Every structure is written in structure tokens, then in C-alpha cells.
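*Asks:* Below is the structure I would like to discuss, written out as C-alpha cells.
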Amino acid sequence: MMDERIWGTVTRALAEEFELKPEQMVPEARIKEDLGLDSLDMVDMVIVLETAFDFKIQDKAALKEIQTLADVMEFILITIEQENGQAANA
Amino acid sequence: MKETRDDSGPSRTRPAPKDPGGGRNRVLVTGLGAVSPYGPGVEALWQGLLEGRRPLSPLPGAEKIPGLGVRVVGLVPELDAKLIPRTYRRAMSRMGLFASLAAREALDSAGLAEDWPRAMGLALGTTMGSPETLTEFFSQYLVAKDFSGIRGATFFKIMGHGAASALAQYLGLTGRLLAPSAACAAGLQAIGLAYEAISAGREEIMLCGGTEEFDILTALTFDQILAASHNPDPQTASRPFDSQRDGLVCSEGAGLIILESESHARSRGAAVLAEIAGFGLSSSPSNLVHPEIEGLTRAMQAALDDSGLSPREIQAVNAHATATVEGDRAEALAIAALLGGEVPVNSLKSLLGHSMAASGALELIASIRMISQDIFIPNYNFNHLADDSIKLRLPKFPQKLIITALLKNSFALGGVNASLVVKKCIDRPT
């Protein structure tokens, strides 16, 4: 359920920002080829995700590895996990 | 174009008339597009001017800015930005959006709405990169010392050629891409550069003009140098040539024009709206701010020389005249000395305000309509004849007037002077 909620937040935020159709927002959708996003859009994607989840993405270099929406989801989950870990240690 | 560098004054030597077969192409106007304080569209612009409607309005929040005397502005009504696909819109500032919508109208009016030549060149003048975006960037960066929230396309809007490159990307243009930055002369300069490229046979068709987004920086600057009107009444704030004038009113918009070589226009059966016959540029190095009569005259004389027309053959002048005390005076004296006092002169800034980089293009578009419809738009808010304008013929009411050749001026801070001669095109390509 947690993942579904996060998936919903990711897809709603990206669809709104990049004016994509809901049917395009499938896990296997390729960021560049299917959604038509480029390196400038990746900068905006970071801002949109940071706003949607209210955290700061520290490891921006890892974004270069992202190929699909499923990768975005995985990246968000890892970031949330890191955020939670830092909060627990604080 | 011929540039005269002789400081001794305008040359009176007339060159031989242009020979279309002698290595220079005739350059025809085949499309017009506008976004102005009247809203989108050349028709909105033309109807507003014909009816003498004032689209200027109170400057929001002006009274909250300490020391600012400016109270009136000419803003473009809200536009539907989503007419431009997001991929292209993301790098468009407001001035880029204005230019893009005006460009689509220009293509449409040229009969090229669906299928324009991708090899077309583009010359788009701006005062600077988007001041609104620049303000957004530094408002965030200087406060937070952090650029993590800065959008990916921010710099592309701030670049001096940001609006031009965004438009070229949007239309997929592959010809030359020029982005002259010469403030109030930039629009006319861009049109002149496009004219030169086609005249010289370097391009067959070009989209050209100027675009401007209002920013408080402009109003503050003109206020600071005592060149902005403090009149709070939007109806009467801008009063070119009037003895009571107290400065210019800033505005915004975009004007885009399609220019084609005669052979290109003829080959596709395009309707011709006018002919660009001559262009002249000069620099006034004597002062950054104060206009210099000799420099203005050099630009007008160079445009006349380039056109092969004599001063007698100019039947109307669309002046730069922004309603500053010194600028209108210098231009009035320069026009009177060069062309005499019989030629009708108007300034459209009483209605449109001063849209800086867009002004030359928007006013040229209106001038082309005046030529094609045989109507002379008068000088509104011109009620008190100024001593320095007394030698000029400054009509106060619309009149029927057949104009076969018109001189258009645009002059900029920093001593940039541009003049262009546009002719009625009686013969039409078949």
C-alpha cells in the first residue's frame, strides 16, 4: 500500500509537470524515448520530486542511471529509506 | 544598407537606383504577426490604433515602490501559453511566448501556417534576456544561497538570444539565427538585418522582428534618467511631440514579419503587403542617453540612400518619438531638416506606449497597414504644439492618405539609430 501511494505521488507529480497522459505513466515507460524528457527535464524532475516528497535529493549523480519510471520509483524508495535512516540516527 | 561614417553631416549624394537585376534582390513583406497591449493579433492592433483606443493601464504596485514616479504601463493581456507545446514552452520567457504567437500569425498571414520553409532564417531583437527570469533566479539564489530549485531551462531564458533560439527551436528553423540586442532599436534592426540578408542573396525568406517583456527594471531606469512619464492617467500619460510631454510609458509585446526575395514570393504566388526598400544604421557616440541630431540624420539619410529615393519621395514618417523631451525634439529637428515640413509625421506611442525592442516591429506593422489601406493614423494626445516640433506636420485626426513610401525610425539608448524605408507594392507576383 505504501508503494502504491508513493507510485501515485510520483506519477501524478510528473504527469502534471510534464503534461503527460495518465496512460503514459506505466512502470516500463522509458523516460527519454517514451515520455520525451531530456536532461533539462531531469533537472525539473528533481525539483518536482523534492517538492512532492518534501526531501532533498543528495545523490543527483544517481539520476543519470534512471531509464524508466520504475527506476524513478526505485530511486525514490531508496531516498526515502535514506531519509528515514538519517532521521532515526539523529 | 549603406552606413555613413562622415561626421560632417548627411551626404546629399544619391546613389543610382537599385537595379533588381544588378545583384540585389527586391525584398517583399508577405506576412505580419503581432502581440501588443491590445492583445494578440495584427487586427486587434490595427483596430485599436484606428479607433484611437488607449490600451495603457495603471502599473500594479507602483505606489509601493519608494521614489518611483511611474504610474502607467502597457501590458499584454493574459495569453494562452499552452498553445505552445511544453517542450518548447519550457524555455520561453514571456517575451519568447509573445514572439512565438506573433510568429505563428505571421506565418499564417503569409500562407505558410502549416508548411513553412524550414530553411527560413530568423532575426529577433530583444533589449536583453528575460528580466523576469533573471529576477526569479537571483531572488531565490541570493536569499537561499542555493540553486537546487532552479529550473533546467532558466539560463536559456536569460541568454541574450534566448527568445530567438526558443522560437527557432519551436519552428524548427535551419537558416541563419540572429538576435540583435539594441534596446529600442532592436526590432527594426532585426528587420533591417533580415532585409540585408535577402537583398544580398544570402537568404530567400526570413522571419524577423522584435519582442519585449515589461519589467520594473525598465520603468525604474527610465524614471532614474528622467525620461519616464509621471502622469497617472493612462489615457494621457504618453504624449509624443506635445509641449506638455513628460516622458515615455513602458509597454511590451512582439512584432514579427515575413520577408521574402521577390523570386521566392513569386514562385509560391504569395500576396505581397509591401516592399522594404532601404535600411540605414548609425551610432551616436557623443552620449549614452541624449539623442544626437546628426546621428539620427545619418541613419535616415543612409536608409534613403539605400532605397534610391529622394527626400521628396517620402510621403510619411512613422517616428520613434517616445514622448521624452529631448528625444522628440532631436527627432523633430532631424526630420524637418532632412525631409522638410510638409511630410506627415506620426508617433504611435501615444496609444501603444514604448515597447522598446518590439516597438520598431509593431510600429512598422502598423505602418504597412497604413500603406496598404491608404489611412494615416494621427498623433493622439497631441494638443499643445511644442516649439521644437513646429516645423513638422503632425496630423491630429485620421486621414485618407496614399503613401507610396514611408520612413520608419527607431532609436535606442546607447546611441543606436536605425531607419527603414518601406514602399507600397503596387505590382503583385503572379
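*Asks:* Around B:L385, which amide H atoms from residues at least 5 apart in sequence, or from another chain, sit under 5 Å from its own amide H, with H modelled in the peptide plane?
*Replies:* B:S243
*Asks:* Next question. Report the Cα centroid-to-centroid distance between segment B:152-182 and segment B:184-244 in angstrom, as an integer.
*Replies:* That distance is 19 Å.
*Asks:* Taking beta carbons within 10 Å but only from partner chains, what does the mean come to for residues B:390-398?
*Replies:* For this peptide, the per-residue mean of nearby foreign Cβ atoms is 0.
*Asks:* While we're looking at this one, here's another question. Give me the lysines in straight-line cross-link reach of B:K157: C-alpha distance below 20 Å, same-chain residues under 8 apart excluded.
*Replies:* The qualifying lysines are B:K82.
*Asks:* I need the calculated FRET efficiency for the pair A:E16 and B:L220, taking r as the beta carbon distance and R₀ as 30 Å, to the nearest 0.05.
*Replies:* Efficiency, from the Cβ-Cβ distance: 0.25.
*Asks:* Roughly speaking, what is the centre-to-centre gap between segment B:365-430 and segment B:268-282 when only Cα atoms are used, to the nearest Å?
*Replies:* Value for the Cα centre distance between the two parts: 16 Å.
*Asks:* Could you order the peptides B:266-277, B:230-241 from most to least packed, using the average number of other C-beta atoms within 10 Å per residue?
*Replies:* Output ranking for B:266-277, B:230-241: B:230-241, B:266-277.
*Asks:* Rounded, prolate or oblate: pick one for the protein assembly as shown, where a ≥ b ≥ c are the square roots of the eigenvalues of its C-alpha gyration tensor, a/c under 1.5 means rounded, and failing that, prolate if a/b is larger than b/c, else oblate.
*Replies:* prolate
*Asks:* With springs connecting C-alpha atoms under 10 Å apart, model chain B as a Gaussian network and identify which of B:S263, B:S148, B:S310 has the largest mean-square fluctuation.
*Replies:* Result for chain B, Cα springs under 10 Å: B:S148 fluctuates most.
*Asks:* Provide the percentage of antiparallel DSSP beta bridges, counting only those with both residues in chain B; round to the nearest 5.
*Replies:* Taking every DSSP beta bridge within chain B, about 70 percent pair in antiparallel fashion.
*Asks:* Here's something else I'd like to know. When ranked by the protection proxy of mean other Cβ atoms within 10 Å per residue, highest first, what sequence do the peptides B:156-163, A:74-81 form?
*Replies:* By packing density, highest mean first, the sequence is B:156-163, A:74-81.
*Asks:* Just order B:413-425, A:27-39 by mean Cβ neighbour count inside 10 Å, highest at the front, would you?
*Replies:* Result, highest mean first: B:413-425, A:27-39.
*Asks:* How many partner chain Cβ atoms sit within 10 Å of a residue's Cβ in peptide A:50-60, on average, as a whole number?
*Replies:* Mean number of neighbouring Cβ atoms from other chains: 1.
*Asks:* Calculate the length of the line joining the C-alpha centroid of segment B:96-128 to that of segment A:1-79, in whole Å.
*Replies:* 34 Å
*Asks:* Continuing with this model, one more query. Per residue of chain B, what 222 nm ellipticity follows from adding -39500 (n - 2.57) for every DSSP H run with n ≥ 4, rounded to the nearest 500?
*Replies:* Per the formula, -9500 deg cm²/dmol.
*Asks:* Additional query: May I ask you to derive the FRET efficiency for B:V325 and B:Q235 from their Cβ-Cβ distance with R0 = 30 Å, giving the value to the nearest 0.05?
*Replies:* Using R0 = 30 Å, I get an efficiency of 0.90.
*Asks:* In whole Hz and in residue order, list the ³J(HN,Hα) couplings for segment B:205-210 that follow from phi through the Karplus curve 6.51 cos²θ - 1.76 cosθ + 1.60, θ = phi - 60°; x for Gly and Pro.
*Replies:* 3J(HN,Hα) across segment B:205-210, in whole Hz: 8, 9, 9, 8, x, x.
*Asks:* So which lysines pass the test for B:K400, namely a Cα distance under 21 Å, with those fewer than 8 places away in the same chain ruled out?
*Replies:* B:K349, B:K408, B:K423, B:K424
*Asks:* With r as the distance between the Cβ atoms of A:I47 and B:L50 and R0 = 56 Å, compute the FRET efficiency 1/(1 + (r/R0)^6) and round to 0.05.
*Replies:* Taking R0 as 56 Å, the efficiency between B:L50 and A:I47 is 0.75.
*Asks:* Considering only the protein assembly as shown, what is the antiparallel percent among its DSSP beta bridges, to the nearest 5?
*Replies:* 75 percent
*Asks:* Long-range amide H contacts for B:A321: which residues qualify at under 5 Å (H placed 1.01 Å from N, peptide plane, sequence gap of 5 or more or a different chain)?
*Replies:* none
*Asks:* Taking each residue in A:36-47, count the Cβ atoms of any other chain within 10 Å of its Cβ, then average. What number comes out?
*Replies:* 4
Here, each number is a calculation from the coordinates, and none is a lab measurement. Source: prediction; values computed, not measured. We place every Cβ from the backbone using ideal geometry, glycine too, and count neighbours over all the protein chains shown.
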